[in-house]
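A short write-up of the structure that comes next.
Just so you know, all these numbers are worked out from the coordinates, no wet-lab data involved. Fair warning: this is a prediction, and the values are worked out from it, not measured in the lab. Here the Cβ is made from the backbone with ideal geometry for all residues, glycine too, and neighbour counts use every protein chain on show.
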Amino acid sequence: MKSLQKTQTALEILGVLGLLLLLAGPRVALAQELGDHQYTTDAIQTGSRIYTRECALCHGPQGDIVDGVNLRRGQFKTAQSDDDLRRIITAGTGGGQMPGFSFADAELSGVIAYIRAGFDPDGIAVRIGDPVRGQALFEGKGDCSNCHRINGVGPRTAPDLSDIGAVRTPASLQRNLLDPATAILPINRPVRLVTRNEETIIGRRLNEDTYTVQVIDSQERLRSLKKSDLVSYEISMAPSKAPTTLNSEEVADVVGYLLTLRGL
Ligand code: HEC
Ligand code: HEC
């Protein structure tokens, strides 16, 4: 058991080193790209001022005064995407209870950024794009459906995403796409096991206790193994996928799509 743990630790250290090397390059590019498209702290702070001046009277300082709307928590009546918010703030609501505003582009983006940052002037604003475009990216360019299963369709090698919109926040979904290495759930890590019968099992860890480990193997079978039957148990620290090749506009669309997945 002791040597098993040692192998594990050594592997983890190696993994982390590899990871650092791997990430040093793409990180820089990612940061630059984010600078171009993502809402900035500046935008959030502009939005904070405009919100106080133009919206707080009706919606309240916490955004929760209008029935059925909680702006800080991202709860709206009809709006889903940032484009929806743009349209509503510009045109007002149909019933005429909320007037339209003719903001400059930067002001409009600022208010949306402030809402998406949960009213935290120092927060990170999440961009939520168009769910329809997001679904097309999920199944096409993003390659996501090659690993993920939704509502019974797709492989089981990666977590099933059928209800991901109900269990994760927009912020954690965005982080998962932009920077999977920091978002990885430890339990989901890829593993490589060798049994006493010299069978090698490569898969994804689902669960583990002191004596057993459960994995989904590469043939998508659920396996439960006694640790005492293993001669080797390696856990990879590397993310099971590289940061996505989608740009931040596209990531926003995919996040918009994932948020619509709330189980059957
Ligand atoms: C005069 C009062 C008033 C002002 C000012 C106001 N709102 Fe509203 N807002 C409302 C009411 C009332 C509703 C609910 C509308 C309905 O049920 O048709 C609403 C709804 C909304 C919704 C949800 C719409 C949907 O269909 O999902 C958003 C988003 C919103 N407001 C944002 C803002 C922002 C941002 C500002 C400031 C730029 C603002 N509002 C200013 C009264 C106001
Ligand atoms: C090569 C296979 C692969 C591809 C391609 C892939 N993923 Fe994943 N994804 C995984 C694995 C494995 C995990 C779980 C382990 C981890 O977090 O790395 C995961 C985790 C996730 C999670 C977190 C699940 C949770 O329970 O929190 C989300 C969300 C996600 N992926 C979305 C996507 C989206 C969207 C795409 C396409 C842009 C994508 N993935 C592409 C393999 C993949």
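Where does the range 41-116 land on Rg/Rh, using Cα atoms and the Kirkwood Rh?
With Rh from the inverse mean 1/r over Cα pairs, Rg/Rh is 0.91.
Let me check I've understood the local charge: for Ala56, count other residues with C-beta under 13 angstrom from its C-beta, Lys and Arg +1, Asp and Glu -1. What total comes out?
Within the 13 Å Cβ shell, the charges total +1.
Below 8 Å, C-alpha to C-alpha, sequence gap of six or more: please give me the relative contact order for the range 41-116 in percent.
43
Amide H to amide H, which residues 5 or more places from Leu206 or on other chains are under 5 Å from it, using H placed in the peptide plane?
Gln214, Val215, Ile216
What does the charge count around Gly256 come to, taking other residues whose C-beta lies under 14 Å from its C-beta (Lys +1, Arg +1, Asp -1, Glu -1)?
That works out to -1.
For a Förster distance of 22 Å, can you work out the FRET efficiency between the beta-carbons of Val66 and Gln45, rounded to the nearest 0.05?
0.40
Work out, step by step, the length gained on full extension between Lys141 and Ser102: first 0.36 nm times the residue separation, then minus their alpha carbon distance; give nm to one decimal.
Extra length available between Lys141 and Ser102 comes to 10.4 nm.
More than 18 Å apart: what percent of Cα pairs in the range 190-235 qualify?
The answer is 13 percent, as a whole percent.
Just grab the label-to-label distance for Ala91 and Ser232, each label 7 Å out from Cα along the Cβ direction, in nm (one decimal).
Here the modelled spin labels are 6.2 nm apart.
Run the quick spin-label model on Glu54 and Thr195: label points 7 Å from Cα toward the beta carbon, then report their separation in nm to one decimal.
6.4
Just order 48-55, 95-102, 206-213, 112-119 by mean Cβ neighbour count inside 10 Å, highest at the front, would you?
Sorting 48-55, 95-102, 206-213, 112-119 by mean packing, highest first, produces 112-119, 48-55, 206-213, 95-102.
Hull surface divided by four, with the convex hull built on the Cα atoms of the range 125-228: how many nm²?
The number I arrive at for the range 125-228 is 8.0 nm².
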